[in-house]
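These notes concern the structure reproduced below.
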């Protein structure tokens, strides 16, 4: 019954009726919300009147075939892109300006597929970059926060090393530590939103498991909500609490991770199995 309700909710969302995004009495407002939102590039529609909400402390995984628009969802939430029409809200505030044009942008922390570390700075300087630049903390206080963040991702004692001295997996974990640092320019009572773009791409299964566990623990330690874009099945099942499948501009299915494992929805079945047979057509190679 829950699966049927989830499918009905997404069917309503994808045609723009807004079903499934209303709040029940006593329910907390969503941290993020898309309302009848579209993104168009010329004649191409990437997102077509979609509706989606992200609850406080939720871990949402966005899946779908290559080119479906998953990265567009992240760019919208990160404030790097504005919708062509419709409404995007973060913490109940409509997002009508790009992040760089906002005086006090919301607390959104993006963990890139590439760790994006500054090669000329030490690991400690990379992790504590925002604190060194914007805070009034002493050097000792910044170092303590950096030490705690690195310890949380299992990288104690590497503050003075350079990014080039680390393996790819270690660099990725440093980027997780950086996401744990509280931006001093943000409201202290605002729940952060963590965005993970293909965090386990190119990693071996053991390294994947470590990163998947870090997604869960980092979201909890930062007292945040998170959105993960991934094609990796173990990442989908280990790092999320809810899954949404995007195809041809619409959210075709939404449900819990357990429902994702067991549903007979044809979109999810095809995505799980990698079959060429089903409602989704592969992108031209």
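Each reported figure results from applying straightforward, stated rules to the coordinates on display, with no laboratory input. Quick caveat: nothing in here was measured; it's all calculated off a predicted structure. Heads up, the Cβs are rebuilt from the backbone with ideal geometry, glycines too, and the neighbour counts pull from every protein chain shown.
Computed values, structure above
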{"item": "Between helix 205-221 and the chain: long-axis angle, C-alpha atoms, 0 to 90°, nearest 10", "result": "80 degrees"}
{"item": "Relative contact order for the range 108-185, counting Cα pairs under 8 Å that sit 6 or more residues apart, in percent", "result": "47 percent"}
{"item": "Contact order relative to length of the chain, as percent, for alpha carbon pairs under 8 angstrom and 6 or more apart", "result": "25 percent"}
{"item": "Fluctuation leader among 246, 90, 121 - the chain, Gaussian network, Cα springs under 10 angstrom", "result": "121"}
{"item": "Ranked 133, 59, criterion: other C-beta atoms within 10 Å, fewest first", "result": "133, 59"}
{"item": "Cα shape, the range 108-185, gyration tensor, a/c 1.5 rule", "result": "prolate"}
{"item": "Ellipsoid equivalent to the chain - semi-axes via the Cα gyration tensor, in Å", "result": "33, 22, 17"}
{"item": "Extension gain from residue 156 to residue 143, taking 0.36 nm per residue of separation minus the Cα-Cα distance", "result": "3.5 nm"}
{"item": "For the chain, built as a Gaussian network whose Cα springs stay under 10 Å, the top-fluctuating residue of 237, 151, 212", "result": "151"}
{"item": "Euclidean distance of C-alpha centroids, the range 217-275 and the range 45-65, integer Å", "result": "10 Å"}
{"item": "Relative compactness, the range 43-100, computed as alpha-carbon Rg over 2.2 N^0.38 Å", "result": "1.16"}
{"item": "Segment residue 257-residue 102, extension gain: residue separation times 0.36 nm, minus the distance between their alpha carbons", "result": "52.3 nm"}
{"item": "Most mobile listed residue (262, 122, 241) in the chain, GNM with C-alpha springs under 10 Å", "result": "262"}
{"item": "Degrees between helix 139-152 axis and first principal axis of the chain (Cα, 0 to 90, nearest 10)", "result": "50 degrees"}
{"item": "On Cα atoms only, tilt of 2-14 relative to the major axis of the chain in degrees", "result": "90 degrees"}
